[in-house]
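Chemist: What follows is a single structure, and I will ask about it in a moment.
The values are calculated or read from the model by the stated rules, or taken from the named source; none is laboratory data. What you see is a predicted model, and the numbers here were worked out from it, not measured in a lab. For neighbour counting, all protein chains shown are included, and Cβ atoms are generated from backbone atoms with ideal geometry for every residue, glycine included.
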Amino acid sequence: MCGIIGISSDKPNACLPIYDALTVLQHRGQDAAGMAMMDNEGLLSMHKQNGLVRDAFSEKDMLKLKGNSGVGHVRYPTAGTIDISEAQPFYVNSPYGIILVHNGNLVNTCQLRKELLNDNFRHINTTSDSEVLINIFASSLEKNSNGKLDDESIVKAVHEVHKRVEGAYSVIMLILGYGLIAFRDPYGIRPLVFGSKDKRHIVASESVAIDCLGYKIERDVEPGETIIFKPDGSMSNYAYKSDKKASPCIFEYVYLARPDSTIEGINVYESRLSMGRFLAKKIKNTLTKKELDSIDVIIPIPATSRTSALPLSIELKKELKEGFIKNRYIGRTFIMPGQKIRKKSVRQKLNTINIEFKDKNVLLVDDSIVRGNTSEQIIKMARDAGAKKVFFASASPPIRYPNVYGIDMPYVKELVAYNRTIDEIAEVIGADKLIYQDLEDLIAAVRENNIDISNFDCSCFNGEYVTGGVDDNFLKNLHKTR
């Protein structure tokens, strides 16, 4: 999961709205931020730095980023190191000069590295799959353009990417002197949305970045589709014929995306309300009447689960209270690099309002349980604050399998649900009772808001990977490359 943004404009200083958009997408990555700009003469300026957006760009840095078109990126590391060399955008000067930002994760990277070296004579300097991706496109464009750069050669190069690359990728590129290009993998696993204002165009990971800049949201970039935005304000789009079924990542709706975003025509906030209603039914069917009657209060774990907890409390006719206060200056622990940092951050991130726990039976609601360390510490905090019993409900099903498409769930033995029953998981995290959402209910909750989507990537829940290239050998070696 990363955040990407691209702007094609007729106005100078496009770096300013890109900066603003990156701050809006900060929840998608906290490790590094980068930006590249292109001016009317086709000249490039670029800056990237580790840290949050506000720390990565100084006033001096922004003054150097000149141009009316550009791309930006906030990084959340899944593959590669956290060295600045891994930060995006990536740039290759041949052919024509190409800058790329990428959200997702490739699964046939090792094979592509060998092909690039042996067949395309291109050297890869980093462990990033994004550098592999830009070189695959560049070698294809070089072959298809024959010295003449036009829409047809670009689209042919993208289609070759689709044929060679396995995995998830939403991409925004600048081709110097030509324009801004956006495309998604044929399954549409990671999101990408575009909007417009007069003759200016914007492409972003989430609609909220488009909203906040005052652009009109047009639609999602379709799976496999290529859209080309020219400096004169014109736009052209090209479909990709494929038998691959669109399968957006369902975890975007559970946790990754902001609630004020709309992805694939599905409002994230509405989908989380639906998750709460379905979860309430599951709780009613799981707990005994005595257990259900004993619950004094429902407390969401801030901030993602608040939306699901509201309809849940209404359905169960239980009082909803805020029992945890979140330190807004601590980032999302899920996307922090390294388990030790995550563990340390939970106590810094949350503090209890003891009066809401003392001598009460509480039902804690969270969006998901990944490694279980955060849940375990939160339950302990609830007991330390005086809770008599702690029930725990997850708005998503047990996460039992690695995610290979750009979310940091790489190693099954780190997942608390791996090879454990629900009762065993409850014992590990210290809950008196644990209730998970059923997968079919999660899918139904998201589809309530757009019944036209019939398929989702649910691989971390069911172990079914929609792309090729994911076999037992790949999964066994996955944690070594993350």
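Chemist: In this structure, is residue 163 in the same structural domain as residue 42 (by TED's automatic domain parsing), in a loop (DSSP other than H, G, I, E, B) and not aromatic (Phe, Trp, Tyr)? Please lay out each step first, then the result.
Modeler: On the way: in the same structural domain as residue 42 (by TED's automatic domain parsing): yes; in a loop (DSSP other than H, G, I, E, B): no; not aromatic (Phe, Trp, Tyr): yes.
When the stated conditions are applied, residue 163 does not pass them.
Chemist: Only residues that are acidic (Asp, Glu), outside any helix (DSSP H, G or I) and out of contact with any Asp or Glu (no Cβ under 6 Å at 6 or more places or on another chain): list them for region 263-312, please. Steps first, please.
Modeler: Filtering region 263-312 down to residues acidic (Asp, Glu) leaves 264, 270, 291, 293, 296.
Those still in the list that are outside any helix (DSSP H, G or I) too: 264, 296.
Scanning region 263-312 gives a single hit, 296.
Chemist: Quick one: which of 251, 194 is aromatic (Phe, Trp, Tyr), under 29 Å from residue 69 (Cβ atoms) and not assigned by TED's automatic domain parsing to the domain that holds residue 398?
Modeler: Numbers: 251 fails: under 29 Å from residue 69 (Cβ atoms).
After ruling out the rest, the residue left standing is 194.
Chemist: Check off (1) in contact (Cβ under 8 Å) with a residue 60 or more places away in the chain; (2) not in a helix (DSSP H, G or I) for residue 223 and give me the number that stays unchecked.
Modeler: (1)
Chemist: Here's a follow-up. Going through 120, 125, 135, 40 one at a time, which residue ends up being over 28 Å from residue 206 (Cβ atoms) and in contact with a helix residue (DSSP H, G or I) (Cβ under 6 Å, 6 or more places away or on another chain)?
Modeler: Values: 125 fails: in contact with a helix residue (DSSP H, G or I) (Cβ under 6 Å, 6 or more places away or on another chain); 135 fails: over 28 Å from residue 206 (Cβ atoms); 40 fails: in contact with a helix residue (DSSP H, G or I) (Cβ under 6 Å, 6 or more places away or on another chain).
Matching residue, one of 120, 125, 135, 40: 120.
Chemist: Select, from 80, 70, the only residue that is touching a helix residue (DSSP H, G or I) at 6+ places or on another chain (Cβ under 9 Å), at pLDDT 95 or above and in the same structural domain as residue 187 (by TED's automatic domain parsing).
Modeler: On the way: 80 fails: at pLDDT 95 or above.
Of 80, 70, the one residue that is touching a helix residue (DSSP H, G or I) at 6+ places or on another chain (Cβ under 9 Å), at pLDDT 95 or above and in the same structural domain as residue 187 (by TED's automatic domain parsing) is 70.
Chemist: Right, next: Please state which one of 311, 231 is modelled with pLDDT under 95, touching a Gly at 6+ places or on another chain (Cβ under 8 Å) and not polar (S, T, N, Q).
Modeler: Details: 311 fails: modelled with pLDDT under 95.
Result of the check over 311, 231: 231.
Chemist: While we're looking at this one, here's another question. So residue 152 fits all but one of (1) in contact (Cβ under 8 Å) with a residue 40 or more places away in the chain; (2) under 18 Å from residue 226 (Cβ atoms); what number is the exception?
Modeler: (1)
Chemist: While we're looking at this one, here's another question. Only one of (1) within 17 Å of residue 100 (Cα to Cα); (2) modelled with pLDDT of 95 or more; (3) not in a helix (DSSP H, G or I) fails for residue 247. Which number is that?
Modeler: Here residue 247 meets the rest and fails (1).
Chemist: Based on what the data block shows, is residue 276 within 17 Å of residue 387 (Cβ to Cβ), buried (at least 18 other Cβ atoms within 10 Å of the Cβ), of a type in the set (Gly, Ala, Ser) and not assigned by TED's automatic domain parsing to the domain that holds residue 55? Explain how you work it out, then say what you get.
Modeler: Numbers: within 17 Å of residue 387 (Cβ to Cβ): no; buried (at least 18 other Cβ atoms within 10 Å of the Cβ): yes; of a type in the set (Gly, Ala, Ser): yes; not assigned by TED's automatic domain parsing to the domain that holds residue 55: yes.
In short, no.
Chemist: So, of the residues in region 222-251 that are of a type in the set (A, V, I, L, M, F, W, C) and more than 23 Å from residue 15 (Cα to Cα), which turns out to be surrounded by the most Cβ atoms within 10 Å (Cβ to Cβ)? Full working, then the answer.
Modeler: From region 222-251, those of a type in the set (A, V, I, L, M, F, W, C) are 227-229, 235, 239, 246, 249-251; that's our starting set.
Then keep just the ones that are more than 23 Å from residue 15 (Cα to Cα); that gives 239, 246, 249-251.
Numbers: 239: 11, 246: 22, 249: 28, 250: 25, 251: 26.
Out of the qualifying residues, it is 249.
Chemist: Can you find a residue that is surrounded by 22 or more Cβ atoms within 10 Å (Cβ to Cβ) and touching an Asp or Glu at 6+ places or on another chain (Cβ under 9 Å) anywhere in region 57-73?
Modeler: Yes, there is a match, as at least one residue in region 57-73 is surrounded by 22 or more Cβ atoms within 10 Å (Cβ to Cβ) and touching an Asp or Glu at 6+ places or on another chain (Cβ under 9 Å).
Chemist: Identify, by number, the condition in (1) surrounded by fewer than 19 Cβ atoms within 10 Å (Cβ to Cβ); (2) in contact with a strand residue (DSSP E or B) (Cβ under 7 Å, 6 or more places away or on another chain); (3) touching a residue at least 40 places away in the same chain (Cβ under 8 Å) that residue 270 doesn't meet.
Modeler: (2)
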